[in-house]
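The values are calculated or read from the model by the stated rules, or taken from the named source; none is laboratory data. In this text the structure is predicted, and so the values were computed from the model without any measurement. Every residue, glycine among them, receives a Cβ derived from its backbone with ideal geometry; neighbour counts consider all protein chains shown.
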Amino acid sequence: MAKFDRTRIDLVEDETVWKGWSHVRRVTLDYTGDEGDTHRLRWEVFDRGHAVAVLLHDPARNVIVMVRQFRLPVHLSGDAPFLLEVPAGSLEKDEDPGAAIVREVLEETGYRIDAPELLFAAYMSPGSVTEKIHFYHAPVSEAARVEDGGGLDEEHEDLDIVEVSLDEAMAMIADGRIIDAKTIMLVQWLVLDKTRMK
């Protein structure tokens, strides 16, 4: 960290460009580097709050429970827009991440989980997006599916619940059928954590 010991960041202006469901800001700052040179920089920042994601793993059947859903930015980028993903969702203001993931899992998949294990938190695109995702793991069984899932009607969610084996999930990452970063991270975490595979 020694290189940045003398670095200073002074915010000059924080301007709202757009505020709706998300918040786009244009931030002007003076960045004084290690050598003492100060440069005025302008950055656009996309602020959409924080989120949660969970790997639902049924160890008895060695399957992962995921959802497939429409993603407009993926469609606009020219890729197939119905992504296979782990259950996830945005945090409400001041909401506990653990409580949020329990709620999201029930809404999306119909599975009831009690004590999801927090694994880590990560910024997914720190150069421009403030969102930090809290990543969880929760073992499930077929008996834990107490509702149909599929998302909330009032939010017009249209989710397909998909179960795949761990081997198939890895193959889908390798051949591009799974292209969601949070899903890739959690599947690879499970592969690396050999204690879950016993």
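Applying a threshold of 7 Å to beta carbon distances and a minimum spacing of six or more residues, or different chains, the list of pairs starting in the stretch 44-62 at a residue that is under 17 Å from residue 92 (Cβ atoms) and touching a residue at least 40 places away in the same chain (Cβ under 8 Å) and ending at one that is among the acidic types (Asp, Glu) and assigned to a loop (DSSP other than H, G, I, E, B) reads 48/131; 49/131; 50/131; 51/131.
For the condition outside the structural domain of residue 186 (by TED's automatic domain parsing) and either in contact with a helix residue (DSSP H, G or I) (Cβ under 6 Å, 6 or more places away or on another chain) or assigned to a helix (DSSP H, G or I) (or both), what is the one hit in 10, 34?
Going through 10, 34 in turn, just one is outside the structural domain of residue 186 (by TED's automatic domain parsing) and either in contact with a helix residue (DSSP H, G or I) (Cβ under 6 Å, 6 or more places away or on another chain) or assigned to a helix (DSSP H, G or I) (or both): 34.
Residues in the stretch 64-108 that are assigned to a strand (DSSP E or B) and either farther than 13 Å from residue 158 by Cα or among the hydrophobic types (A, V, I, L, M, F, W, C) (or both): 64, 65, 66, 67, 70, 82, 83, 84, 85, 88, 89, 90. The set of residues in the stretch 122-141 being within 16 Å of the chain's Cα centre (by Cα), surrounded by 14 or more Cβ atoms within 10 Å (Cβ to Cβ) and in a strand (DSSP E or B) consists of 122, 129, 132, 133, 134, 135, 136, 137, 138. As a summary of the residue check, residue 65 satisfies the conditions (1) modelled with pLDDT under 95; (2) on the phi < 0 side of the Ramachandran plot except for the one numbered (1).
Would you point out which residue out of 114, 153, 180 is acidic (Asp, Glu), under 21 Å from residue 60 (Cα atoms) and either surrounded by fewer than 19 Cβ atoms within 10 Å (Cβ to Cβ) or at pLDDT 95 or above (or both)?
When all the criteria are applied, what remains is 114.
For the stretch 68-111, the candidate set comprises residues that are in contact with a strand residue (DSSP E or B) (Cβ under 8 Å, 6 or more places away or on another chain) and of a type in the set (S, T, N, Q); within that set, the residue that is nearest to residue 58 (Cα to Cα) is 109.
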